[in-house]
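See structure below.
Every number here is computed from the coordinates shown, using simple stated rules; none is lab data. Just so it is clear, the structure is predicted and the values come from calculations on it, not from any experiment. Positions of Cβ are backbone-derived with ideal geometry, glycine not excepted, and every protein chain shown enters the neighbour counts.
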Amino acid sequence: MVFIHKIRQVQLVGPKIRQLRKERKLTQTELASRIGIQQSDLSRMEKGEYRVSLDTLFKILAVFNVSISEFFDDVNKESLTPRDVQLMRDLKRLPNTARREVEEFIAFKRGQTDTAPEPAAEEIPRTAEQRRTLG
């Protein structure tokens, strides 16, 4: 769970930095120069490939004149819901083989949604009761 949390941090902080930079109409080169890092490192941070140190984050916040609570306000909105937490607990309680099956099913479903268009409302399968009610 800690590993997942760290991945989420990296994936959420980088895009927020990019959003702020673009709102302020700064290039990566300009921002990197102001905070004293290489443009390539900033690029990797924004893509979520590289962790942002606390020191670097504070420098970025100073450039944008944003408090740490303002910065993380949007990030907090991305946090886990109680339902997400319950699903994680349920998954952790499963035996390893069952857990792998769930993970494979999620990967399968994700692959379907990445490639398949959303069905039109009339194409969505319905129960017999729904068919009688909706026609």
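Things worth noting here:
- All Cα-Cα separations within the stretch 21-115 were binned at 5 Å from zero, giving a P(r) of 2, 10, 14, 16, 12, 10, 10, 13, 9, 3, 0, each value a whole percent of the pairs.
- Computed E for L26/D84 - FRET, C-beta separation, R0 25 angstrom, nearest 0.05: 0.15
- Coupling constants for the stretch 65-72 follow from the phi torsions by the Karplus curve (6.51 cos²θ - 1.76 cosθ + 1.60, θ = phi - 60°), and in residue order they are 6, 10, 6, 5, 5, 5, 4, 8 Hz; glycine and proline get x.
- Per-residue HN-Hα couplings for the stretch 25-35 [Karplus 6.51, -1.76, 1.60; θ = phi - 60°; Hz; x = Gly/Pro]: 6, 9, 7, 4, 4, 5, 5, 4, 5, 5, 9
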